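Read through the structure below, which is laid out as C-alpha coordinates, and then see the notes.
The values are calculated or read from the model by the stated rules, or taken from the named source; none is laboratory data. Values in this document were obtained by computation on a predicted structure and should not be read as measured data. Note that each Cβ is placed from the backbone with ideal geometry, even for glycine, and that neighbours are counted across all protein chains shown. Protein only, heavy atoms only, side chains kept; ligands, DNA and RNA dropped before computing areas. Shrake-Rupley method; radii C 1.70, N 1.55, O 1.52, S 1.80 Å.
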Amino acid sequence: MSIIVCKIDGVWQEWHGYRTVQKMVSTYTAVYGDGRQVETACDPYPVEVQIDGDRLQQIYDQGTWSLEEVEAVGAKVALPFAAPEGKQTFGSPSYVEADGTVQQVYQVEDIPPPPVPPTAEEKVSAMLANFDVSTRDLQSVLGLGV
(Lines give C-alpha, C1' and ligand atoms only; values in the text may rest on other atoms or scores of the structure.)
Protein backbone atom coordinates (compact mmCIF):
# COMPACT_ATOMS: atom_id res chain seq x y z
CA MET A 1 0.00 0.00 0.00
CA SER A 2 1.22 3.42 -0.89
CA ILE A 3 1.53 6.30 1.54
CA ILE A 4 -0.24 9.38 0.17
CA VAL A 5 0.85 12.66 1.77
CA CYS A 6 -0.02 16.31 1.28
CA LYS A 7 1.29 19.55 2.72
CA ILE A 8 -0.80 20.94 5.55
CA ASP A 9 0.42 24.22 7.04
CA GLY A 10 3.78 23.71 5.32
CA VAL A 11 4.34 20.20 6.75
CA TRP A 12 4.02 16.91 4.83
CA GLN A 13 1.39 14.71 6.51
CA GLU A 14 -0.51 11.55 5.64
CA TRP A 15 -3.70 12.41 3.75
CA HIS A 16 -6.77 10.83 5.37
CA GLY A 17 -10.30 12.10 4.89
CA TYR A 18 -11.61 14.79 2.56
CA ARG A 19 -9.78 17.91 1.45
CA THR A 20 -10.77 20.58 -1.04
CA VAL A 21 -8.07 20.98 -3.69
CA GLN A 22 -7.66 22.78 -6.98
CA LYS A 23 -7.39 20.69 -10.08
CA MET A 24 -6.70 21.99 -13.59
CA VAL A 25 -9.09 20.75 -16.26
CA SER A 26 -8.97 21.37 -19.98
CA THR A 27 -12.40 20.19 -21.11
CA TYR A 28 -15.98 21.12 -20.54
CA THR A 29 -19.09 19.00 -20.96
CA ALA A 30 -22.13 20.34 -22.76
CA VAL A 31 -25.37 18.61 -21.73
CA TYR A 32 -28.22 18.92 -24.18
CA GLY A 33 -31.94 18.66 -23.50
CA ASP A 34 -32.15 15.37 -25.35
CA GLY A 35 -29.62 13.81 -22.92
CA ARG A 36 -26.54 14.02 -25.14
CA GLN A 37 -23.30 14.96 -23.41
CA VAL A 38 -20.49 16.34 -25.53
CA GLU A 39 -17.03 16.85 -24.04
CA THR A 40 -15.04 19.65 -25.68
CA ALA A 41 -11.42 20.71 -25.24
CA CYS A 42 -10.76 24.22 -23.94
CA ASP A 43 -8.02 26.30 -22.30
CA PRO A 44 -7.06 24.86 -18.87
CA TYR A 45 -8.88 26.35 -15.91
CA PRO A 46 -8.88 25.52 -12.16
CA VAL A 47 -11.80 23.84 -10.42
CA GLU A 48 -12.17 23.01 -6.75
CA VAL A 49 -12.88 19.38 -5.99
CA GLN A 50 -13.19 17.40 -2.78
CA ILE A 51 -10.97 14.34 -2.68
CA ASP A 52 -10.76 11.67 0.01
CA GLY A 53 -7.11 10.83 0.67
CA ASP A 54 -7.91 7.23 1.55
CA ARG A 55 -9.80 6.79 -1.73
CA LEU A 56 -6.96 8.53 -3.59
CA GLN A 57 -4.58 5.92 -2.18
CA GLN A 58 -6.85 3.12 -3.41
CA ILE A 59 -7.19 4.46 -6.95
CA TYR A 60 -3.43 5.05 -7.15
CA ASP A 61 -2.65 1.54 -5.86
CA GLN A 62 -5.13 0.06 -8.35
CA GLY A 63 -3.41 1.92 -11.19
CA THR A 64 -6.46 4.05 -12.00
CA TRP A 65 -4.51 7.27 -11.38
CA SER A 66 -0.90 7.84 -12.34
CA LEU A 67 1.73 9.50 -10.18
CA GLU A 68 1.29 12.67 -12.26
CA GLU A 69 -2.45 12.73 -11.54
CA VAL A 70 -1.80 12.30 -7.80
CA GLU A 71 0.72 15.15 -7.85
CA ALA A 72 -1.69 17.32 -9.87
CA VAL A 73 -3.96 17.57 -6.79
CA GLY A 74 -1.07 18.54 -4.49
CA ALA A 75 -0.30 15.07 -3.13
CA LYS A 76 2.82 12.93 -3.26
CA VAL A 77 3.54 9.26 -2.75
CA ALA A 78 5.97 8.94 0.15
CA LEU A 79 8.70 6.33 0.25
CA PRO A 80 8.18 4.00 3.25
CA PHE A 81 10.73 3.88 6.06
CA ALA A 82 12.88 0.78 6.47
CA ALA A 83 14.37 0.32 9.94
CA PRO A 84 18.09 -0.47 9.95
CA GLU A 85 19.24 -3.95 10.98
CA GLY A 86 18.89 -4.46 14.75
CA LYS A 87 16.63 -1.41 15.21
CA GLN A 88 12.89 -0.94 15.72
CA THR A 89 10.72 2.10 15.17
CA PHE A 90 8.74 3.96 17.80
CA GLY A 91 6.50 6.99 17.83
CA SER A 92 4.60 8.47 14.92
CA PRO A 93 6.08 8.91 11.47
CA SER A 94 7.10 12.25 10.06
CA TYR A 95 7.77 13.09 6.42
CA VAL A 96 10.67 14.99 4.89
CA GLU A 97 11.18 16.13 1.33
CA ALA A 98 14.54 16.00 -0.42
CA ASP A 99 15.12 16.44 -4.15
CA GLY A 100 11.39 16.32 -4.87
CA THR A 101 10.87 13.00 -3.05
CA VAL A 102 9.01 12.66 0.23
CA GLN A 103 10.41 10.06 2.65
CA GLN A 104 8.71 8.60 5.73
CA VAL A 105 10.91 8.90 8.84
CA TYR A 106 10.63 7.28 12.27
CA GLN A 107 12.68 7.45 15.44
CA VAL A 108 14.53 4.19 16.03
CA GLU A 109 15.91 2.31 19.01
CA ASP A 110 17.86 -0.90 19.50
CA ILE A 111 15.78 -4.06 19.52
CA PRO A 112 15.96 -5.40 23.08
CA PRO A 113 17.45 -8.86 23.53
CA PRO A 114 14.95 -11.69 23.98
CA PRO A 115 14.06 -12.49 27.58
CA VAL A 116 15.97 -15.27 29.31
CA PRO A 117 13.84 -18.41 29.16
CA PRO A 118 12.56 -19.60 32.54
CA THR A 119 14.30 -22.50 34.25
CA ALA A 120 12.53 -25.83 34.77
CA GLU A 121 12.06 -24.97 38.44
CA GLU A 122 10.44 -21.64 37.56
CA LYS A 123 8.11 -23.35 35.06
CA VAL A 124 7.03 -25.97 37.63
CA SER A 125 6.49 -23.32 40.31
CA ALA A 126 4.37 -21.24 37.94
CA MET A 127 2.31 -24.28 36.91
CA LEU A 128 1.71 -25.28 40.54
CA ALA A 129 0.78 -21.71 41.46
CA ASN A 130 -2.08 -21.90 38.93
CA PHE A 131 -3.57 -24.68 41.07
CA ASP A 132 -2.68 -23.07 44.40
CA VAL A 133 -0.22 -25.92 45.18
CA SER A 134 3.22 -25.29 46.64
CA THR A 135 6.35 -27.25 45.72
CA ARG A 136 6.38 -28.49 49.35
CA ASP A 137 2.83 -29.89 48.84
CA LEU A 138 3.92 -31.63 45.63
CA GLN A 139 6.97 -33.15 47.30
CA SER A 140 4.77 -34.42 50.13
CA VAL A 141 2.30 -36.02 47.70
CA LEU A 142 5.13 -37.68 45.79
CA GLY A 143 6.58 -39.02 49.04
CA LEU A 144 9.87 -37.24 48.60
CA GLY A 145 9.95 -36.24 52.25
CA VAL A 146 10.29 -32.67 53.13
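Considering region 1-57, the residues that are among the polar types (S, T, N, Q), open to solvent by 60 Å² or more (accessible area, probe 1.4 Å) and under 30 Å from Val96 (Cβ atoms) include one that is modelled with the lowest pLDDT, namely Gln22. In region 6-23 there is no residue matching the filter, namely being of a type in the set (Lys, Arg), touching a helix residue (DSSP H, G or I) at 6+ places or on another chain (Cβ under 9 Å) and either on the phi > 0 side of the Ramachandran plot or in contact (Cβ under 8 Å) with a residue 60 or more places away in the chain (or both).
Within the span defined as region 122-134, every residue fails to be of a type in the set (D, E, K, R), more than 30 Å from Met1 (Cα to Cα) and in contact with a helix residue (DSSP H, G or I) (Cβ under 9 Å, 6 or more places away or on another chain). Taking each residue of region 58-83 that is among the basic types (Lys, Arg) and looking for partners that are not in a helix (DSSP H, G or I) with beta-carbon atoms closer than 6 Å, six or more apart or interchain, yields Lys76/Val5; Lys76/Val102. Residues in region 58-86 that are of a type outside the set (A, V, I, L, M, F, W, C), within 14 Å of the chain's Cα centre (by Cα) and either over 14 Å from Ser2 (Cβ atoms) or surrounded by fewer than 13 Cβ atoms within 10 Å (Cβ to Cβ) (or both): Pro80 only.
Taking the condition open to solvent by 70 Å² or more (accessible area, probe 1.4 Å) and closer than 30 Å to Trp12 by Cβ, does Ala98 pass? It is false that Ala98 is open to solvent by 70 Å² or more (accessible area, probe 1.4 Å) and closer than 30 Å to Trp12 by Cβ. For first residues located in region 104-117 and assigned to a loop (DSSP other than H, G, I, E, B), partners that are open to solvent by less than 80 Å² (accessible area, probe 1.4 Å) and lie 6+ apart or on another chain with Cβ distances below 9 Å form the pairs Ile111/Ala83; Ile111/Gly86; Ile111/Lys87; Ile111/Gln88; Pro112/Gln88. Scanning region 101-128 for residues that are hydrophobic (A, V, I, L, M, F, W, C), open to solvent by less than 70 Å² (accessible area, probe 1.4 Å) and over 30 Å from Glu85 (Cβ atoms) yields Val124, Ala126, Leu128. Exactly one residue out of Ala83, Ala78 is in a loop (DSSP other than H, G, I, E, B) and among the aliphatic types (A, V, I, L, M): that is Ala83.
Note on region 99-121: among residues that are modelled with pLDDT of 90 or more and of a type in the set (D, E, K, R), the one that is farthest from Val70 (Cα to Cα) is Asp110. Based on what the data block shows, is Thr89 under 24 Å from Val5 (Cβ atoms) and open to solvent by less than 80 Å² (accessible area, probe 1.4 Å)? Judged against the criteria, Thr89 is a match.
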